[in-house]
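The structure appears below as structure tokens.
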Amino acid sequence: DYTTTRYVRVVATEDDQSVFKIPEVTDNDGLIYRKFLIFKGSVCLDNKNRYIINYDDNTITLTDTSDFLKKGRSLLFVFIKINRADAYGPLHVQPIYLYKYMDNKNPNEKSRVTSIPIPNYRNLDYNMKNIMLFVNDTFISPRRYRIENNVLYFMNTKIDGVVSGASLIFVLLRMSNELEDPTTDQGRIIKEQ
């Protein structure tokens with residue numbers, strides 16, 4: 001168990017909102033989560049040039065106008081506590097996208113699929129801690145499904161499931177070190193050289 005995660009959704013209260021309060025999330029032991037990924041829909045805003053964090057006001061300001069949110073839309077904060085390091089220093093989480101399109105053999109049939117095989121990526125075993133699901137760009141809470149043998153099963157089959165024509169995005173939260181995926185400017189320069 002390298003990580004623990006918490007999901008928090010922050011909703012825009014006005015049109016073209018670009019400044020959001022960063023939620024304060026604590027673990028059972030009182031530790032405040034400091035590291036997070038930000039998702040707008042299923043897109044991770046992992047480029048640091050797309051936002052500015054003000055630690056004094058505990059706010060985040062989106063800098064790209066295409067990222068501004070309309071009233072009622074939301075940002076998803078994925079707070080991550082990393083419990084270990086490796087030989088190359090601290091670890092961080094890198095999102096990897098796996099895509100699946102629900103294509104039904106009979107286009108007139110609108111049956112609901114309640115179990116979905118997760119796309120294979122390097123023969124990894126998936127679990128609730130390392131995968132996120134977006135259906136048609138909407139985040140699906142991990143409380144609504146379970147994963148067994150790399151197959152995702154929806155818990156409430158009467159209301160949950162996926163119909164034909166839906167696009168699924170599985171976001172694999174992959175652990176990376178500074179050698180594999182440098183996050184500092186010095187690391188990026190070394191990688192580019």
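Points to keep in mind about this one:
- Candidates per trypsin sites (Lys or Arg not before Pro) in the range 10-61, loop by DSSP, up to 13 other Cβ within 10 Å: Arg34
- Electrostatic dipole magnitude of the range 36-97 [Cβ: Lys, Arg +1; Asp, Glu -1; Cα centre; debye, to 20]: 260 debye
- Lysine pair count for the range 80-152 [Cα-Cα under 30 Å; pairs on different chains or 8 or more apart]: 4
- Taking the chain and dividing mean pair separation by its residue count, relative contact order in percent (alpha carbons under 8 Å, at least six apart): 24 percent
- Karplus-derived 3J(HN,Hα) values for the range 19-31, using 6.51 cos²θ - 1.76 cosθ + 1.60 with θ = phi - 60°, are 10, 10, 6, 7, x, 9, 10, 10, 8, 4, 8, x, 6 Hz; glycine and proline are entered as x.
- For the chain, a Gaussian network of Cα nodes joined below 10 Å ranks Leu124, Leu76, Leu179 by mean-square fluctuation, and the top entry is Leu124.
- Mean-square fluctuations from a GNM of the chain, with a 10 angstrom spring cutoff on Cα atoms, peak among Gly30, Gly161, Gly41 at Gly30.
- Expected 222 nm ellipticity per residue - DSSP helices of 4 or more, -39500 (n - 2.57), all of the chain, to 500: -1000 deg cm²/dmol
- Magnitude of the charge dipole, the chain, Cβ model with Lys/Arg +1 and Asp/Glu -1, debye to 20: 680 debye
- Amide H contacts of Ser164 (H built 1.01 Å from N, in plane; Pro and chain starts excluded): Ser111 sit under 5 Å, all sequence-distant by 5 or more or on other chains.
- Theoretical gain in end-to-end length, Val163 to Ser115 [0.36 nm per residue, Cα-Cα removed]: 16.2 nm
- Per-pair calculated FRET efficiency, R0 = 41 Å: Arg122 and Ser74 via Cβ, rounded to 0.05: 0.85
- Fluctuation leader among Ile82, Ile159, Ile131 - the chain, Gaussian network, Cα springs under 10 angstrom: Ile159
- Loop trypsin sites (Lys or Arg not before Pro), the range 128-159 (other Cβ atoms within 10 Å of the site Cβ: 16 or fewer; DSSP): Lys129, Lys158
Coordinate-derived values only; no laboratory data. Because the structure is a prediction, the values reported are computed rather than measured. Positions of Cβ are generated from backbone atoms using ideal geometry, with glycine treated the same way; all protein chains shown enter the neighbour counts.
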